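K.L.:
Can you read through this structure? Questions will come right after.
The values are calculated or read from the model by the stated rules, or taken from the named source; none is laboratory data. All of these numbers come straight from a predicted model, not from anything done at the bench. Counting neighbours? That spans all protein chains shown, and the Cβs are built from the backbone with ideal geometry, glycine included.
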Amino acid sequence: MRKRVAIGSILTECNQFGGSPIDIQCFERYELRRGTDVLKADTGVVGGMLQVLRENQVEIAPLLYASSCPGGPVIAECYAQLKTELIDRLSKAMPVDGVLLPLHGASVVEGIGDPEGNLIKAVRHITGSEVPIVATLDLHAHVTDEMIRFADALIAWETYPHRDAFTTGIRGAKVLLSIIKNSVQPTMAMAKVPVITSGIHGSTEGNSPFAQVMKTAKEYEAEDDVISTSVFLVHPYIDQPGMGSGGLVITNNNLEKAINLAEKLAEQYWDKRFQLEPEIYTPQEAIESGLKTLGGPVLLVETADCCGGGAAGDSVATLAALLEAKVTLPSLVPVVDPRVAKICHQAGVGQEIRTHIGHQLDPNWGNPISVTGKVTQLSQGRFQYTGGIWDGITGNMGPSAVLTLGAIQILVTTHGTYDWADEQFRTAGLDPSTAKFIVVKNPMNYQFAYGDIAKSVFILDTPGPTPATCRHLNYRNLQRPYFPVDKHIPNLRPTMLRC
């Protein structure tokens, strides 16, 4: 008899220090698939899962798959609507032999600190204890006790920048099928240490500190009884109890080994904590040094305003510094400001406007600045991702404009979008290769987009909810001690979660 597997999820990343709340329209702008529409996905983690299920002639019960660009917490009503629909579809699809849940692991809902654990638990309530549940996670997940207790296996992405969503889907589906066939009996342990850092030095490529821990973890997969290993650099812009970074190991009925290896990964992570903190510059310092750099582009990494980390994308801190420095060389700056985008569309191409721009969506981090510029491009802001999490999916910046202030070109958009490469600039008719300065607002993917052409890179110290260092974030639920506030913690032992 053919096996039957259900697949569905709610996937996003949240920020509890700023950004715009995530509502149902956010999911509709990215990916909201219901029922058989889920089966049309051919990229990303869902595409990878579907490929394996089809190759193994598994009957697929598609539920609901909702994913969106990160933002503030998910609105409670939105989560309730999506969760209720997913669970109702699962109830009607029963009986199933297994469930695949492509999750993120660092989302937050109004009133619910761990919606992924909440969702896995709700799925378990429907399936009972005998049906295996496998969830995939972003490697920035905040892995909780509830996730560990109610899932049979948690499989994380292995790359940052995130190049492996599709292959992670493949890995997750293969583990699920191995459990269904009774060829493995997964035992799982997660060990954490209180290291709370940004993703600046969190690359899995080259010889970065995070890459070194990942390499060790993947070497463990060659050992007897080890099914899967994962390493997590916890998303630092949520505020939840028990946050930490470390390693997760799944073994075949060998919990002692899973615990031992996970603890070794966490201890190695702690030993590398100082290497994970970046060197940062004020925008003024970076611009001054950039002007001395021969050629361009020079990247001004305003990571504190990263839409991919849940920020609103509306900061003009670096734009203000460029204007103050009277930069006369070509420069590109992205700003999310729906009001100014609307004014540009009303004015039309070729018209000069005077307005205030910036800090309209999340005013806690700065003040708008006054600008006078010419509208030189208009668009509806639709583009196609060329890789990463949403490879092949259409992104939607909403009505957008290029506002030109001398040598500075501002890409003004209505909605914030996740940055993979340079799709947003190029869709607006802007060529980053010709710029002296590029303001980028992602702590990692700028390396993928501009690594081959950038002459210098400066990580900026600017106000915002996704800063390059977490030393000054006002956590309320995360309790001390934690690095980098506490550099040394006597007698530290990793926190262990297990099942």
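K.L.:
So, GLY290, is that one assigned by TED's automatic domain parsing to the domain that holds GLY416 and either on the phi > 0 side of the Ramachandran plot or polar (S, T, N, Q) (or both) or not?
P.N.:
No: the conditions fail for GLY290.
K.L.:
Still on this structure, please answer the following. Specify which of the listed residues (SER183, SER178) is modelled with pLDDT under 95, in contact with a strand residue (DSSP E or B) (Cβ under 9 Å, 6 or more places away or on another chain) and within 21 Å of LEU53 (Cα to Cα).
P.N.:
Only one candidate passes the filter, namely SER183.
K.L.:
From the residues in the range 474-483 that are surrounded by fewer than 16 Cβ atoms within 10 Å (Cβ to Cβ) and either in the same structural domain as LEU265 (by TED's automatic domain parsing) or not polar (S, T, N, Q) (or both), which one is farthest from GLU277 (Cα to Cα)?
P.N.:
ARG476
K.L.:
In this structure, does THR36 turn out to be among the β-branched types (Val, Ile, Thr), surrounded by fewer than 15 Cβ atoms within 10 Å (Cβ to Cβ) and over 18 Å from LYS3 (Cβ atoms)?
P.N.:
Here the answer is yes, as THR36 does meet what is asked.
K.L.:
Now for a different question. If you scan the range 301-334, which residues turn out to be surrounded by fewer than 24 Cβ atoms within 10 Å (Cβ to Cβ) and of a type in the set (D, E, K, R)?
P.N.:
GLU324, LYS326
K.L.:
Taking interchain pairs and intrachain pairs at least six residues apart, which have beta carbon atoms under 8 angstrom, with the first residue in the range 335-364 and more than 23 Å from ASP419 (Cα to Cα) and the second assigned to a helix (DSSP H, G or I) and of a type in the set (Gly, Ala, Ser)?
P.N.:
The qualifying pairs are ILE353/ALA347.
K.L.:
Could I ask something else about it? Evaluate the following for GLN268: is it farther than 30 Å from LEU176 by Cβ, part of a helix (DSSP H, G or I) and of a type in the set (S, T, N, Q)?
P.N.:
Spelling it out, it is not the case that GLN268 is farther than 30 Å from LEU176 by Cβ, part of a helix (DSSP H, G or I) and of a type in the set (S, T, N, Q).
K.L.:
Could I ask something else about it? For GLN384, all conditions in the list (1) over 25 Å from the mean Cα position of the chain (by Cα); (2) surrounded by fewer than 19 Cβ atoms within 10 Å (Cβ to Cβ); (3) under 25 Å from ASP452 (Cβ atoms); (4) not aliphatic (A, V, I, L, M) hold save one; what is the number of the exception?
P.N.:
Here GLN384 clears every test but (1).
K.L.:
Filter the range 115-155 down to residues that are among the charged types (D, E, K, R) and part of a helix (DSSP H, G or I) and give me whichever is nearest to ILE170 (Cα to Cα).
P.N.:
Only one residue fits best here, namely GLU116.
K.L.:
Applying the selection to the range 307-349, what residues are at positive phi and among the charged types (D, E, K, R)?
P.N.:
Passing the criteria: only LYS326.
Here's the yes/no breakdown for (1) over 19 Å from GLY388 (Cα atoms); (2) touching a Pro at 6+ places or on another chain (Cβ under 8 Å); (3) in contact (Cβ under 8 Å) with a residue 12 or more places away in the chain:
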{"site": "LYS40", "(1), (2), (3)": "no, no, no"}
{"site": "GLY47", "(1), (2), (3)": "no, no, yes"}
{"site": "ASN56", "(1), (2), (3)": "yes, no, yes"}
{"site": "PRO62", "(1), (2), (3)": "yes, no, yes"}
{"site": "ALA76", "(1), (2), (3)": "yes, no, yes"}
{"site": "LEU82", "(1), (2), (3)": "yes, no, yes"}
{"site": "LYS92", "(1), (2), (3)": "yes, no, no"}
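K.L.:
Only residues that are assigned to a helix (DSSP H, G or I) and under 30 Å from GLY113 (Cα atoms): list them for the range 271-292, please.
P.N.:
ASP271, ARG273, PHE274, GLN275, LEU276
K.L.:
Out of (1) within 17 Å of ASP23 (Cα to Cα); (2) surrounded by fewer than 21 Cβ atoms within 10 Å (Cβ to Cβ); (3) of a type in the set (A, V, I, L, M), the odd one out for VAL74 is which?
P.N.:
The number of the failed condition is (2).
K.L.:
Considering every residue within the range 414-427, establish whether at least one is of a type in the set (A, V, I, L, M), more than 23 Å from GLY247 (Cα to Cα), outside any loop (DSSP other than H, G, I, E, B) and under 23 Å from the mean Cα position of the chain (by Cα).
P.N.:
no
K.L.:
May I ask you to list the residues in the range 424-468 that are of a type in the set (Asp, Glu), touching a residue at least 40 places away in the same chain (Cβ under 8 Å) and over 22 Å from GLY202 (Cβ atoms)?
P.N.:
Passing the criteria: none in range.
K.L.:
When the residues of the range 186-233 are narrowed to those that are over 29 Å from LEU176 (Cβ atoms) and part of a strand (DSSP E or B), which ends up nearest to the chain's Cα centre (by Cα)?
P.N.:
VAL195
K.L.:
Moving to a separate point now. Scan the range 202-219 for residues that are of a type outside the set (S, T, N, Q) and crowded, with 20+ Cβ neighbours inside 10 Å and report the count.
P.N.:
So the answer is 6.
K.L.:
Of the conditions (1) more than 24 Å from the chain's Cα centre (by Cα); (2) in the same structural domain as LYS436 (by TED's automatic domain parsing), GLU256 fails just one. Which one is it?
P.N.:
Every condition holds for GLU256 apart from (2).
K.L.:
Take VAL46 and decide whether it is closer than 20 Å to ALA165 by Cα, hydrophobic (A, V, I, L, M, F, W, C) and in contact with a Phe, Trp or Tyr (Cβ under 6 Å, 6 or more places away or on another chain).
P.N.:
yes
K.L.:
Do the conditions hold for ILE410, that is, is it in the same structural domain as GLU302 (by TED's automatic domain parsing), touching a residue at least 60 places away in the same chain (Cβ under 8 Å) and in a strand (DSSP E or B)?
P.N.:
The answer is yes for ILE410.
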